[in-house]
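Here is the structure we will look at, set down as structure tokens.
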Amino acid sequence: MSNDWIDAEGFRANVGIILANADNKLLLGGRVGAKGWQFPQGGMQQGEEPVDAMFRELHEEVGLESTDVEVLGVTRDWLRYRLPRKFIRRNSDPLCIGQKQRWYMLRLLSDEEQVRFDRCDKPEFDRIRWVHFWRPVNEVIYFKRRVYARALYELGPSVYPEGLPQRPRWWPRRWRAAFDKDIARSLEASD
């Protein structure tokens, strides 16, 4: 049995990490043996606080310590996504239908050379890239895009206090409509 924290609704508790360098570019990790790119993230263990899970995942996935970063912000609440049916492991108990995530925006204080992948038995990543602010929304697997956009929108002002970079013109109209709806809902919930 797993030590993962899966709530009564079937959502696995998880933390996501957005790491900005001195040029305000964001770290994306390339998944081992795959084409996919994503932010560092990982499941929370039963009884683990989100901030503790974040620092554990930061160390396991990209080899950084708490002294290598500054915490700039954390999402107000859990951001959720559902897994497409083909990714749900029907034989798992409890059944996990998606993830609920607390996202953290961090500033890298150390040299970029401090990033390494040998801090755990099964590395998640084997390469990294530093990308412009909205690029991760395009790079991540399709069912995580809305959560990425919401996390960037909510935490972005800690990196860009003068205003977020403009969303790319190449985003399809349906993305813009979905993200605008998500942002409106989150603003209503915070009032």
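The values are calculated or read from the model by the stated rules, or taken from the named source; none is laboratory data. Small disclaimer: the values here were computed from a predicted structure and weren't measured. Cβ placement follows ideal geometry from the backbone for every residue including glycine, while neighbour counts extend to all protein chains displayed.
Overview of results
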{"quantity": "Flag if L72 is farther than 27 Å from P172 by Cα, in contact with a helix residue (DSSP H, G or I) (Cβ under 7 Å, 6 or more places away or on another chain) and of a type in the set (A, V, I, L, M)", "calculated": "yes"}
{"quantity": "F55 under 16 Å from the mean Cα position of the chain (by Cα) and at pLDDT 95 or above", "calculated": "yes"}
{"quantity": "Tally, over the range 32-50, of residues that are surrounded by fewer than 16 Cβ atoms within 10 Å (Cβ to Cβ), at pLDDT below 95 and at negative phi", "calculated": "6"}
{"quantity": "Residues of the range 143-189 that turn out to be within 17 Å of L26 (Cβ to Cβ), of a type in the set (D, E, K, R) and assigned to a loop (DSSP other than H, G, I, E, B), as a count", "calculated": "1"}
{"quantity": "Matching option when the condition is in contact with a Ser or Thr (Cβ under 8 Å, 6 or more places away or on another chain) and small (G, A, S), among A184, A189, A178, A151", "calculated": "A151"}
{"quantity": "Meets criteria (within 19 Å of D23 (Cβ to Cβ), surrounded by 14 or more Cβ atoms within 10 Å (Cβ to Cβ) and under 19 Å from the mean Cα position of the chain (by Cα)) for I97", "calculated": "no"}
{"quantity": "Meets criteria (of a type in the set (D, E), exposed (fewer than 14 other Cβ atoms within 10 Å of the Cβ) and within 27 Å of W5 (Cβ to Cβ)) for D111", "calculated": "no"}
{"quantity": "Filter result (out of contact with any Asp or Glu (no Cβ under 9 Å at 6 or more places or on another chain) and either in a loop (DSSP other than H, G, I, E, B) or modelled with pLDDT under 95 (or both)) within the range 58-79", "calculated": "L64, E65, D77, W78"}
{"quantity": "Count of residues meeting criterion [closer than 23 Å to Q114 by Cβ and either among the small types (G, A, S) or not in a loop (DSSP other than H, G, I, E, B) (or both)] in the range 18-48", "calculated": "14"}
{"quantity": "All positions within the range 80-126 that are touching a residue at least 60 places away in the same chain (Cβ under 8 Å), outside any loop (DSSP other than H, G, I, E, B) and of a type outside the set (D, E, K, R)", "calculated": "Y81, G98, Q99, Q101, W103, Y104, M105, L106, L108, F125"}
{"quantity": "Whichever residue in the range 172-191 is more than 14 Å from E154 (Cβ to Cβ) and small (G, A, S) and, among such residues, is surrounded by the fewest Cβ atoms within 10 Å (Cβ to Cβ)", "calculated": "A177"}
